[in-house]
1. Are there any pairs, at least 6 apart or on different chains, whose C-beta atoms fall under 7 Å, with the first in the range 142-157 and in the same structural domain as D101 (by TED's automatic domain parsing) and the second among the charged types (D, E, K, R) and part of a loop (DSSP other than H, G, I, E, B), and if so, which?
2. Here are some residues: L151, L102. Which one is open to solvent by 70 Å² or more (accessible area, probe 1.4 Å), part of a loop (DSSP other than H, G, I, E, B) and of a type in the set (A, V, I, L, M)?
3. Could you say which residue among S72, S67 is open to solvent by 40 Å² or more (accessible area, probe 1.4 Å) and of a type in the set (G, A, S)?
4. Pull out all pairs, ordered by first then second residue, where Cβ-Cβ is under 8 Å, the residues are six or more apart or on different chains, the first lies in the range 111-131 and is open to solvent by 50 Å² or more (accessible area, probe 1.4 Å), and the second is of a type in the set (S, T, Y) and at pLDDT below 85.
5. Only one residue in K111, K159, K92, K136 is under 22 Å from I65 (Cβ atoms) and basic (K, R). Which one?
6. Can we say T161 is crowded, with 18+ Cβ neighbours inside 10 Å, in the same structural domain as A201 (by TED's automatic domain parsing) and hydroxyl-bearing (S, T, Y)?
7. Condition check: within 8 Å of the ligand (Cβ to nearest atom), free of Cβ contacts under 8 Å to residues at least 40 places away in the same chain, open to solvent by 30 Å² or more (accessible area, probe 1.4 Å) and charged (D, E, K, R). Does E202 satisfy that?
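The values are calculated or read from the model by the stated rules, or taken from the named source; none is laboratory data. Note that the coordinates shown come from a computational prediction; the quantities given were computed from them, not determined experimentally. Heads up, the Cβs are rebuilt from the backbone with ideal geometry, glycines too, and the neighbour counts pull from every protein chain shown. Ligands, DNA and RNA are stripped out before the accessible areas are found, and what is left, the full protein with its side chains, is counted by its heavy atoms. Shrake-Rupley method; radii C 1.70, N 1.55, O 1.52, S 1.80 Å.
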Amino acid sequence: MAKWDQLTKAIGDLEEKKVMKILNKFVATNPSDKEVQEVIDACHKGMARVGDSFERGDYFVGDLIFSGEVLSEALDLLKPILKNDTSAKTGKILLGTVHGDLHDIGKNIFKSMASAAGFEVYDIGIDQSVGAFVNKVREVQPDIVGMSGVLTVALEAMKHTVDGLKEAGLRNDIKIILGGNPVTKEACQYIGGDAYTTNAAEGVRICRGWIK
Ligand code: B12
């Protein structure tokens, strides 16, 4: 059994108490960032199991909602132990979940990790219209725009958002990173992003590379 399989299973089985017990024990060991990342990956795998159970019809929307609550609680526990690395030159990231998509757990993980890495993160929330992204880019003038989405339809919304930024004449001033499970290399090319990832830690590495 791999190290964090029990955690993955507990999340997949929606065993909130067990999840929090494992994580409280973990936090008390003063773990490294690498270890925190391993634990976040295990949580991620657990959420994929929840998704599979939902697809099979074993779980219902209420279970999805509960899984979201469990993961948010888990994240709140992990956030304070993400080390603050201020050695990187900080940049500004504008972050939001695109129009039509209400999922924000992955976005929030990226936000925590990017903040811990020294970025100033402006999170505009979920279900954000093209206009909301455009207006906030004008206001904040970020170095990077991060778009999140986990629904398949979010890919089209990301494309509209990138097109909107182009039309507003803002595209050339920013880098765009796309995140969320359905984003692939092909999707990124179609949407017109500069980079994509399904891993928050990799997303932070990419953003740091842009700010150097
Ligand atoms: C929890 C959940 C919900 C919760 C969301 C709670 C919340 N606050 O987010 C609730 C109950 C609200 C929900 C609702 C729905 N959901 Co839902 N949900 C999920 C579930 C189980 C987990 C999603 C999740 O949080 N994953 C864990 C996170 C950590 O992963 P992630 O988002 O990919 O993020 C990681 C990376 O991608 C990256 N990342 C993410 N964003 C960003 C951004 C940037 C800039 C960067 C760099 C990186 C980055 O970092 C993260 C960590 O590494 C998935 C199943 C699954 N397999 O994903 C279904 C799933 C996404 N949902 C689904 C569906 C169908 C729905 C509903 C339509 C259900 C319904 N009938 O009402 C609604 C849609 C509502 C809407 N309009 O958005 C489908 C989507 C199918 C599709 N192909 O489009 C899935 C795949 C389930 C399934 N297998 O059928 N859901």
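1. If the second residue must be among the charged types (D, E, K, R) and part of a loop (DSSP other than H, G, I, E, B), the pairs left are G149/D101; V150/D101; L151/D101; A154/D101; A157/D101.
2. L102
3. Just a single option satisfies the conditions, and that option is S72.
4. Every condition considered, the pairs that remain are E120/T90.
5. Values: K159 fails: under 22 Å from I65 (Cβ atoms); K92 fails: under 22 Å from I65 (Cβ atoms); K136 fails: under 22 Å from I65 (Cβ atoms).
Step by step, each of K111, K159, K92, K136 is checked, and only K111 is under 22 Å from I65 (Cβ atoms) and basic (K, R).
6. yes
7. Details: within 8 Å of the ligand (Cβ to nearest atom): yes; free of Cβ contacts under 8 Å to residues at least 40 places away in the same chain: yes; open to solvent by 30 Å² or more (accessible area, probe 1.4 Å): yes; charged (D, E, K, R): yes.
Answer is yes for this residue.
Yes/no matrix, rows are residues, columns are (1) at pLDDT 95 or above; (2) under 12 Å from the mean Cα position of the chain (by Cα); (3) not in a helix (DSSP H, G or I):
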residue: E69; (1), (2), (3): no, no, no
residue: L77; (1), (2), (3): no, no, no
residue: K107; (1), (2), (3): no, yes, no
residue: F110; (1), (2), (3): no, yes, no
residue: G118; (1), (2), (3): no, no, yes
